[in-house]
1. Return the only residue of Leu173, Leu202, Leu209, Leu195 being under 37 Å from the mean Cα position of the chain (by Cα), of a type in the set (A, V, I, L, M) and not assigned by TED's automatic domain parsing to the domain that holds Asp69.
2. From the list Thr101, Thr90, exactly one residue is buried (at least 19 other Cβ atoms within 10 Å of the Cβ), at pLDDT below 85, farther than 24 Å from Ser291 by Cα and of a type in the set (Ser, Thr, Tyr). Which is it?
3. Can you go through Leu202, Leu247, Leu209 and tell me which one is surrounded by 13 or more Cβ atoms within 10 Å (Cβ to Cβ) and either acidic (Asp, Glu) or farther than 30 Å from Ile385 by Cα (or both)?
4. For Ser147, indicate whether it is buried (at least 16 other Cβ atoms within 10 Å of the Cβ) and modelled with pLDDT of 75 or more.
5. Being part of a helix (DSSP H, G or I), modelled with pLDDT under 80 and touching a Gly at 6+ places or on another chain (Cβ under 8 Å) is true for just one of Asp345, Asp395. Which residue is that?
6. Look at Leu247 and say whether it is in the same structural domain as Thr193 (by TED's automatic domain parsing), in contact with a Gly (Cβ under 7 Å, 6 or more places away or on another chain) and of a type in the set (A, V, I, L, M, F, W, C).
7. Mind checking which residues of the range 287-316 are charged (D, E, K, R) and modelled with pLDDT of 85 or more?
Amino acid sequence: MPSFRYKAVEKSGRQALGGMEAVNEVDLELRLKRMGLDLITATEVDRQTSIVAGAAKITRLDLINFCFDMEQMNRAGIPIIDGLRDLRDTLENTRFREVLTVMAEDMDSGKTLSQCMAGQPETFNRVFVSLIKAGEQTGRVVDVYKSLADSLKWQDELASQTKKLLIYPVMVLVVVTGVIVFLLTFLVPQVTTLLKTMNVALPIQTQILIGASNIVKSWWPLLLAVPVFAIAAVAVAIRHSTRMAYLWDYAKLRIPVVGPLLQKIILARFANFFALMYESGITVLDALKTSEEIAANRYIADGLARAGQQISAGQTLTDAFRDLGVLPAMVIRMLRVGENTGALDVALRNVNYFYTRDVRESVDKAMKMLEPTLTMGLGLVMAFIMWAVLSPVYDILGKLKI
């Protein structure tokens, strides 16, 4: 079906821009009418351009609200298609309104809700669709919506904590780098000129500082370009080489301090969604297959794929996870008890709680340690510069005769 970029106007007179699939411009105008929009102009484009250049992005918060609203409407017994239309009319996000419009029309043609969602992969990922499908099959779609909303809230909180952890050191690093470059470019050359006129022997620390200053002044374009090109080259290699992408994902897990925290975040996300899928009636093997995408790390995903193969060959879930080598003994023991007692879903929830708490505590500790560590690092750098600059000056003053 062709895609169109359109310009429309709402009943309030506010202009709306977006992209939508339609058979032709007449069909597009009818679809926009159902959304409460009057078409002004339309241009046919390829589907990817329509998505990229479309209206506001659908955020995690939009999906949280969608899950909550759908849960409440299902509890109230409102037909799904009527609920979608009512929900569509209350949304301010034009892109989400387009998605719900298409979904409502697909349901009119006889598709299930999960099939409609599968047709919107940019909005609803594979996990989301699989869970809704399992909920439809088991009659627990209300519980699925609630679990999805809780899971998305947890992801949002986790993303907020991670950003908080990263923003502060990046800002401090930028400030420290700026201060050092300023000192090496402007302050040190002036002091160097003064010391040369006095014709005194310079201590080793001052010679090192002057050498660093000369390198920065003479080679600053190269010093600026090399990291940029190196990062760009690595990014291109990771994007185009499966082997490089695998090695990069593996290396990230081995970075001191950051690596273990990242691994805990991945495993917490995995345990959360795996428990959610298992509770919804999705088989262990299908849940593992879907979890490979959730991991967002090729090294962990490769381990999950091997675990799935071992389970297919007759191994227990606990033994397969133990062979991964990434889960601590306590977690393995929790899974073994859950598997032996037939309460694997409870065990998975406990694993999720274990990792979620561990991640929060690790982030809190990292935040508390980060500020004094960075302050100490900046203080040491400044102390070295001041020592290298002032030590020859004090030597000169000490040799002066009054």
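1. Leu173
2. When all the criteria are applied, what remains is Thr101.
3. Numbers: Leu202 fails: either acidic (Asp, Glu) or farther than 30 Å from Ile385 by Cα (or both); Leu209 fails: either acidic (Asp, Glu) or farther than 30 Å from Ile385 by Cα (or both).
Just a single option satisfies the conditions, and that option is Leu247.
4. Values: buried (at least 16 other Cβ atoms within 10 Å of the Cβ): yes; modelled with pLDDT of 75 or more: yes.
Yes, satisfied.
5. Asp345
6. Details: in the same structural domain as Thr193 (by TED's automatic domain parsing): yes; in contact with a Gly (Cβ under 7 Å, 6 or more places away or on another chain): no; of a type in the set (A, V, I, L, M, F, W, C): yes.
The answer is no for Leu247.
7. Hits for the range 287-316 are Arg298, Asp302, Arg306.
For (1) β-branched (Val, Ile, Thr); (2) in contact (Cβ under 8 Å) with a residue 40 or more places away in the chain; (3) in contact with a Leu (Cβ under 7 Å, 6 or more places away or on another chain), each residue gets a yes or a no:
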{"site": "Met117", "(1), (2), (3)": "no, no, no"}
{"site": "Arg126", "(1), (2), (3)": "no, yes, no"}
{"site": "Ala134", "(1), (2), (3)": "no, yes, no"}
{"site": "Thr138", "(1), (2), (3)": "yes, yes, no"}
{"site": "Val144", "(1), (2), (3)": "yes, yes, yes"}
{"site": "Gln155", "(1), (2), (3)": "no, yes, no"}
{"site": "Leu158", "(1), (2), (3)": "no, yes, no"}
{"site": "Thr162", "(1), (2), (3)": "yes, yes, no"}
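The values are calculated or read from the model by the stated rules, or taken from the named source; none is laboratory data. Values in this document were obtained by computation on a predicted structure and should not be read as measured data. Glycine gets a Cβ as well: all are built from the backbone with ideal geometry, and neighbour counts include every protein chain shown.
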